[in-house]
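Step one of this worksheet: look at the structure below.
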Amino acid sequence: MDDVRVPKHVAIIMDGNGRWAKKRGLPRKMGHVEGCKVVERTVEDAARLGIKYLTVYAFSTENWKRSEEEVDALMQLFRYYTKRLLKIAGENNVRVKMIGERSRFAPDIIDGINKLETTTANNTRMTFVIAVNYGSRDEIRRSVTRMLADCQAGVISAAEVSEERISSYLDTAGIPDPDLLIRTSGEERLSNFLLWQLAYSEFYFTDVLWPDFRKEELVKAIEMYNSRERRYGDAKG
Ligand code: FPP
């Protein structure tokens with residue numbers, strides 16, 4: 001990792017937990033349990049590598065369609081990790097921010113999310129963004145609703161609707177767009193993740209299943225990002 005430019009913002013679609021469990025004859029939820037451990041490690045790895053923003057797709061607006069058992073297991077993990085992340089974020093000087101529509105979660109999970117955000121608000125080493133009940137189209141829908149309300153109230157005018165203004169109404173307001181998107185498990189789709197924000201990002205797809213994702217894979221993605229950046233630089237120069 002000598003002489004490499006570390007992307008400022010890395011976004012990850014963590015995929016393959018179910019297949020990882022299936023391969024071992026385990027219930028799907030064990031894949032999520034293992035996936036959470038990898039999230040924890042990746043937060044620390046990313047902070048140490050000098051990444052300033054790490055965003056992960058933890059639960060999509062479509063994930064509610066999974067079996068009740070699996071949704072319940074994921075909710076239990078959120079419950080546990082909102083507490084656990086208080087410790088991890090504190091130790092690593094990491095600010096945690098959630099994007100997505102949190103009001104659909106149980107009140108104690110919402111409280112946990114709010115507490116995690118307020119407690120870590122002044123941490124400066126890295127911002128860890130967790131997308132929960134997140135869908136990009138839903139985010140855009142919600143932001144248009146708020147923008148129209150502000151227009152009606154005279155806060156903004158239609159003429160002021162610039163790209164920057166739209167960005168400022170999204171859940172990711174104030175967060176720079178990702179430089180690099182990683183998706184694990186061999187799937188090559190965006191699955192309604194950060195559609196607006198990923199307009200200019202580099203994509204890295206790997207066959208590695210999320211529970212098997214390690215620092216070496218993150219470093220590989222960063223090296224690929226560098227090689228593409230360099231080519232782009234050459235073409236321009
Ligand atoms: C995709 O695997 C993964 C998910 C839908 C959930 C990912 C969530 C976590 C790892 C927990 C995150 C927790 C925190 C605290 C941020 P899949 O189930 O779609 O796998 P498959 O495609 O093999 O079935």
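The values are calculated or read from the model by the stated rules, or taken from the named source; none is laboratory data. Keep in mind the model is a prediction, meaning the values are calculated, not measured. In this analysis, Cβ positions are derived from the backbone assuming ideal geometry, glycine residues included, and neighbour counts consider all displayed protein chains. Side chains are part of the model used for accessible areas, which takes the heavy atoms of the whole protein and leaves out ligands, DNA and RNA. Shrake-Rupley method; radii C 1.70, N 1.55, O 1.52, S 1.80 Å.
In the stretch 17-34, the residues that are within 13 Å of Arg66 (Cβ to Cβ) form Cβ pairs under 8 Å with partners that are open to solvent by 30 Å² or more (accessible area, probe 1.4 Å) and modelled with pLDDT of 95 or more, at six or more places apart or across chains, as follows: Asn17/Arg28; Asn17/Glu34; Gly18/Arg28; Arg28/Lys22; Lys29/Glu69; Gly31/Arg19; Gly31/Lys22.
Residues in the stretch 173-199 that are buried (at least 20 other Cβ atoms within 10 Å of the Cβ) and among the hydrophobic types (A, V, I, L, M, F, W, C): Leu180, Leu181, Ile182, Phe193, Leu194. Looking across the stretch 80-92, the residues that are of a type outside the set (A, V, I, L, M, F, W, C) and more than 10 Å from the ligand (Cβ to nearest atom) come down to Lys83, Lys87, Gly90, Glu91, Asn92. Taking the stretch 53-63 as the range and being open to solvent by less than 60 Å² (accessible area, probe 1.4 Å) and either closer than 17 Å to Lys29 by Cα or within 11 Å of the ligand (Cβ to nearest atom) (or both) as the test, the residues that pass are Leu54, Thr55, Val56, Tyr57, Ala58, Phe59, Ser60, Asn63. The residues in the stretch 76-107 that are open to solvent by 20 Å² or more (accessible area, probe 1.4 Å) and either free of Cβ contacts under 8 Å to residues at least 60 places away in the same chain or not in a strand (DSSP E or B) (or both) can be counted, and the count is 20.
Within the stretch 129-147, residues that are farther than 15 Å from Gly112 by Cα have Cβ atoms under 8 Å from residues that are assigned to a helix (DSSP H, G or I) and more than 16 Å from the ligand (Cβ to nearest atom) in these pairs: Ser143/Ile166; Ser143/Tyr169; Val144/Tyr169; Arg146/Tyr169; Met147/Arg165; Met147/Ile166; Met147/Tyr169, counting only partners at least 6 apart in sequence or on another chain.
Mind listing whichever residues of the stretch 145-164 are assigned to a helix (DSSP H, G or I) and either surrounded by 13 or more Cβ atoms within 10 Å (Cβ to Cβ) or not β-branched (Val, Ile, Thr) (or both)? Listed by number, the residues that qualify are Arg146, Met147, Leu148, Ala149, Asp150, Cys151, Gln152, Ala158, Ala159, Glu160, Glu163, Glu164.
None of Leu180, Leu170, Leu209 is touching a Pro at 6+ places or on another chain (Cβ under 9 Å) and under 28 Å from Val96 (Cα atoms) except Leu180. Take the stretch 1-52 and flag every residue that is open to solvent by less than 50 Å² (accessible area, probe 1.4 Å) and on the phi > 0 side of the Ramachandran plot. Gly16, Gly50, listed by residue number.
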